[in-house]
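The values are calculated or read from the model by the stated rules, or taken from the named source; none is laboratory data. Source: prediction; values computed, not measured. Note that we place each Cβ from the backbone using ideal geometry, even for glycine, and neighbour counts take in every protein chain shown. With ligands, DNA and RNA removed, areas are computed over all heavy atoms of the protein, side chains included. Shrake-Rupley method; radii C 1.70, N 1.55, O 1.52, S 1.80 Å.
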Amino acid sequence: MKLQISSPWPRFLLVKALEWTSAVVALVVLTFAVVQLVPGDPARVIAGQDASPAVVEATRAQLGLDRPMLEQFRDYVLGVLRGDLGESFRTGDAVSHVIAVRLPYTATIALAAMALTLVISLTLGFTVAGLTRGNRNRWLDSAFSWATAGLQALPHYVVGTLLVVLFAVTLGLLPAAGTTGPRSYILPSVALSLGPICAVSRVVRREASAVLEQDYMRTARGWRIGVVKQYAKYAMPNLLASTLTLSGLILAGMLGGAIIVERVFAWPGLGNAVIEAILNRDYAVTRGVILTIGVMAVSVHTLIDIGLALIDSRTLDAEGASA
Amino acid sequence: MSSLALPVEASDGPRRRRLHPILVTGILLMALLTALAVLAPPLFGHAATTLTSDSRLAPSAQHLLGTDEFGRDLFARALVATRLTLVLTATATALSVVIGVSVGTTIWMAPERVRRAVLGVNAVAVAFPSLVLALVIAAVLGAGAWPATLAIGIAGCPAFVRLSANMAAPIVTRDYVSTARRLGVPGPLVILRHVLPNMAEPMLVLVASCFAVTMMELSGLSFVGLGVQEPDFDFGKLLSDGLVSIYTQPSQVVGPSVMLVLTGLAAMLIGDGLAASSNPRTRSRTRSSGPTGRLRPSGRPAVPPADPEATVSVRGLRVHSAAGVELVKGVSFDVAPGEVLGIVGESGSGKSLTAMSLAGLVPESTDATADALWVAGHDLLAPVPPAALARDVALVYQDPVSSFNPALRLGTQLTEVARTHLGMSRGAARRALVDRLRRLKITEPERRTHQHPHELSGGMLQRAMIASSLLTEARLLIADEATSALDVTVQVEVLRRVVAVSRSVGASVLFISHDLGVVRAMCDRVLVLYRGEAVEELSADALEQGRVSHRYTRRLLEAAEYVEAIR
Amino acid sequence: MSARALVEVEDLEVVLGTGTHRTHALRGVSLTVQEGTSVGLVGESGSGKSTLAKALCGEVPVAGGTIWVGGGEPVAGPHRHTRPQPTMLQMIPQDPYSSLDPRHTAGQAIAEALDPRRPRVRRHRDTIVEWLERVGLPAGSIEKYPHEFSGGQRQRIAIARALCVRPRVIVADEITSALDVSVQAEILELLAELRVDLGLTMLFISHNLAVVKHVCDRVAVIYHGSLVETGDVEDVFTRPREQYTQRLLDSVPGAPGFTLEGD
């Protein structure tokens, strides 16, 4: 039992695959339940309060709500597996088509914002932690705390609105809305990443301070290696590990932020699609988009876990024990 | 047996303390907003909701922020919206916190299987961004203020379950909780009496930041049209109204933006302030002075080393804490080549501080001075080439697990000095290390170099650390409580390696320990430290025969006799 | 003295963890503690000594064997475990820094032991003071919080809290290992005194062979989950029958068999 010669990776990846699958299954059930849980009669709600009974019945038949629930669920699951998510009740477009058209826009700003967040906050947080180590540069410490707290209090959509006022309306430098070229991606990505940059760089700063006080950093200092090497080789891997652990939720949460930010920039992504669909009671689109965003979030989560295991092999062994 | 920890009581008990300025600012701001929430609707409600013909006026003395398309005063609207925003946010926050904390703490009183199941399900829920969960609930319940509140509140639960479960975990495993259960205190009472009070402070920090996030998300739902509906309005709804006319009347977004930021900021500041005032490190910052961790000449005339051949020659070593407390009070001693000098003392005697200063590693938040400090032929009070010091002085620390970097392989760490300072190639250094590991009787030396520290036992790690000193042929080996964390049968092995290394390369050893028995067995000479002073210096023989003169040494000897001696 | 067994452990098997982390913590351990006597349980880290303590408190599932505390129904048998009555068995935990709630005074800690459901210091003040004084603390300690005490003083409070219940059996789990040597000696002397005064029945767990001789009549040596040797303290120390016991004795610096020479 003690000598585990075989690599822990296959088991780890299997566990991760199972976690991913169970999360996606949960999502499928959840999105299916959206229609079932609507208070009162879903068909009536969808058709509208003023619709005649005939229209309500027609709606019910069209949505398949007149069939037993298990049958509806089976069809839904089979559809999901085939990539057929039904049609928009309002426009008649295939939901998969709607998603295919809109997903790239959301994915682009979300990924750009995640990359921005990781790069900027790691650099910023680590630098501040290094400069304020052992009570040095206390002014920087306070300035950093205040600035990040203040900027973090700005919701995405307020940042977006203010950016539009400044760069589009007042200065006329960048487009305010829509996708008119590469430059139009700048403001949404910045708006989406500003808050997370503050949040994550605070995490990085706190974790970096903790890492720099660890015994193994003292060991490295005892070896008299250069400060840059100490930080880059000995502190960074541990910092990356704890930062990813703590900011995984923030990164995955940026997909949620994207939904709201899209509204500011009239962005043709999934966020605007799902909000419109919810307001229109267009359940097929609602389900499809939530399912897509959910799968993206779960995948980001899983990828972060795998990245974490690559950086810190301890998480491989601890897998299953942690909550 | 803490070594480097300064004598700062690590207590988290109740005490009076000054409020942190950040906390005060946050509380004042929140109080102001609460006052607005109460007073604004009766005072400005009329101006905020009455339709007039003064539509789209620019800001003026009469209308500070102008008017909207229906001629309603924008300043008044921003103020009046405070009430609805705060009420909805508080409700949603309370929902997340109450459900989250109850579930997150009670699972610890449940059987392990139940706890794992709940946490497993919760882990799936946490993986979804809360806004996505909120959208699901909004899709079910439809748009509206209360459905949105319910959606955000419920969507916030999984994160809070996880956070409070994590926060309760270290408290639940503390002995006072298990003792209370053994004394027959019922589970729910244990939570109320011991668990919740001890997680109150970090929990408040979380509640504050949860409040800020909840407000942003709730206003976000209103902003996109899923939350508060006409004719009601909160900050999000106002901002969304302003966005429509952003080109014609950009000033319309100012009011709700400022109010959103102020409310978020108030909550964040309260959270930050609470965190800062419960953290002893930031709390004590106010009176600390300048950089620390330095080693300087004392300014007194340096006494030349008694024996120029000595590996170590220290005169008048003093270590101060940042607060000015003298922790080491003028210690002087020499270590001859090949000699094993023991430094013995109990916690707080300054033995580790002395050892670290000798290695030129004065801990943060302390400062060291000395009249003279020669180590392995280098004057530490003057600039010393780092390579020389790294090569000549090797250190073995108390806790083998924490003194190795968890993220790097053993081979990388143990050959660092040889590669950086002796110019060895990666391959040559690794081969040399494998040889030294084999000499120290470490099994499977090749495989060890590719392993991570957590894969080895404590005794093996300590021996590996000693092996790296063989690699550089260090002249001084400082072992700071290097065997204190080990079992006796393992300790013997490590002690034997230290002796063997000292003999094979002729290195001097500075052996720091609280354990008089070990020091007596290991050392040629022993220095007894008590409250930062060297009270007695003894030969091994004198110690063996109990020929000690200082009262403290005698007491220590008696206690050791009582506690450590087999017969 | 009647020779009634207050603790009887028979063929105890404990398996901890699941999957690849499964370990056989105790393998067929049998142990008896007679009324009024004190047994030392000595072993190194990972030997299973703390697991045995937890099993006695009904806090780990038992895979096989039986535990009786104070006669009557067994508190643990295969696949079942219950907590023994508080008045039957109490444990003094190892770490004095984690055994006291930082937000409760010494008085409140002891009051909770005296009345777990409604711990009122006022009502039990006399009893609390009596116990504090018995463990060598001034009566004024009743109002003080844990951070105002040293490690040794905290351990005294923990002892008072466990003893004031008047349990038939005391389990002391490494109660001196976190303390400085001089403080260890004081705590051991206190415990040796209380043992005589109160006629305690005790299982004293330690990694340190030497401390056992002050407070125990018998000693059991545990290694990799099995008891390797049991006997009177004097016999085991002077004439160990097992090789592991000999090695353990020889590893103590200053012991006759101790040497730093050799491989």
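Peptide C:102-108 has a mean of 4 when you count, residue by residue, the C-beta atoms of other protein chains within 10 Å of its C-beta. The listed peptides A:145-155, B:127-137, ordered by packing as a protection proxy, come out as B:127-137, A:145-155 (highest mean of other Cβ atoms within 10 Å first). Go through segment A:21-57 and flag every residue whose accessible area shrinks by 40 Å² or more with all protein chains in place compared to the isolated chain (probe 1.4 Å). SASA drop of 40 Å² or more in segment A:21-57: A:LEU30, A:VAL34. Placing A:GLU207, B:GLU533 in order of accessible area, with the largest value first and a 1.4 Å probe, yields B:GLU533, A:GLU207. In segment C:96-166, a dipole from Cβ-located charges (positive for Lys and Arg, negative for Asp and Glu) runs towards its positive end, and of C:LEU114, C:PRO138, C:SER98 it is C:LEU114 whose Cα lies farthest in that direction. Label point of A:GLN62 set 7 angstrom out along Cα-Cβ; within segment A:252-290, amide nitrogens under 15 Å from it belong to A:280-285.
Per-residue surface analysis assigns C:GLU186 an accessible area of about 90 Å², computed on protein heavy atoms at 1.4 Å probe radius. Heavy-atom accessible area with a 1.4 Å probe sorts B:PHE70, C:PHE149, B:PHE44, largest first, into B:PHE70, B:PHE44, C:PHE149. Take the Cα of B:SER347, step 7 Å toward its Cβ, do the same at C:GLN246, and the gap between the two points is 3.8 nm.
Per-residue shielding of B:256-267, expressed as the average number of other chain Cβ atoms within 10 Å of the residue Cβ, stands at 4. Placing a pseudo-label 7 Å from each Cα along the Cα-to-Cβ vector at B:TRP146 and A:VAL29 gives an inter-label distance of 2.9 nm. Hey, how many Å between the Cα centroid of segment B:99-143 and the Cα centroid of segment A:212-274? Cα centroid of segment B:99-143 versus Cα centroid of segment A:212-274: 25 Å apart. The modelled label-to-label distance for the pair A:SER52/A:VAL169, using points 7 Å beyond Cα in the direction of Cβ, is 4.8 nm.
Under the criterion of Cα pairs below 8 Å and six or more residues apart, the relative contact order for segment A:195-323 equals 25 percent.
Once the Cα atoms of helix B:458-472 and of chain B are each reduced to a long axis, what angle between those two axes, in degrees from 0 to 90 to the nearest 10, is obtained? The answer is roughly 60 degrees. The contact between chain B and chain A removes approximately 6900 Å² from the accessible area (both sides summed; 1.4 Å probe; ligands, DNA and RNA excluded).
Which of C:ALA255, C:PRO167, C:VAL39 sits farthest toward the positive end of the charge dipole of chain C, with +1 on the Cβ of Lys and Arg and -1 on the Cβ of Asp and Glu? Checking the options against the dipole of chain C, the answer is C:PRO167.
Starting from the coordinates of the alpha-carbon atoms of segment C:120-263, obtain the Kirkwood hydrodynamic radius over all distinct pairs and give the value in Å to one decimal. Roughly 17.2 Å, rounded to one decimal.
Please compute the length gained on full extension between B:LEU32 and B:ALA428, using 0.36 nm multiplied by the number of residues separating them and subtracting their Cα-Cα distance.
135.7 nm
Only DSSP H runs of four or more residues enter the estimate; each adds -39500 (n - 2.57), and after division by the residues of the protein assembly as shown the mean residue ellipticity at 222 nm equals -17000 deg cm²/dmol. Helix A:138-152 against the longest principal axis of chain A: what's the angle in degrees, Cα atoms only, rounded to the nearest 10? Helix A:138-152 sits at roughly 0 degrees to that axis.
Relative contact order, percent, of segment A:100-282 when contacts are C-alpha pairs under 8 Å separated by at least 6 residues? All intermediate terms of the calculation are to be shown ahead of the outcome.
Values: 198 pairs, mean separation 63.1, N = 183.
That works out to 34 percent.
Peptide B:377-388 has a mean shielding of 1, counted as Cβ atoms of other protein chains within 10 Å of each residue's Cβ. The angle between the Cα long axis of helix C:151-163 and the longest principal axis of the Cα atoms of chain C comes to about 90 degrees, rounded to the nearest 10. Heavy atoms of the protein chains alone define the surface here; on that basis segment A:23-82 has 56 Å² accessible area per residue at 1.4 Å probe size.
State the number of lysine pairs found in the protein assembly as shown whose Cα atoms come within less than 22 Å, restricting to pairs 8 or more positions apart or on distinct chains.
4
Annotation: for a label point projected 7 angstrom from Cα along Cα→Cβ of C:HIS207, residues of segment B:488-526 with backbone N closer than 12 Å are B:488-492. Overall, the accessible surface of chain B at a probe of 1.4 angstrom is composed of carbon and sulfur to the extent of 60 percent.
Computed from point charges on the beta carbon alone (+1 for Lys and Arg, -1 for Asp and Glu), the dipole magnitude for the protein assembly as shown about its Cα centre is near 1040 Debye. Estimated at the nearest 10 Å², the accessible area of B:MET424 is 60 Å² with a 1.4 Å probe.
Taking Cα pairs under 8 Å and at least six residues apart, what relative contact order does chain C come out at, in percent?
Reported relative contact order: 23 percent.
Set the Förster distance to 22 Å, then compute FRET efficiency between A:SER299 and A:LEU14 from the Cβ-Cβ distance, nearest 0.05. That pair, A:SER299 with A:LEU14, gives E of 0.85.
Kindly state, to the nearest 0.05, the FRET efficiency for B:SER549 paired with C:HIS224, given R0 = 60 Å and r defined as their beta-carbon distance. It would help to have the intermediate numbers written out before the result.
Numbers: r = 46 Å, r/R0 = 0.76.
In this case the efficiency is close to 0.85.
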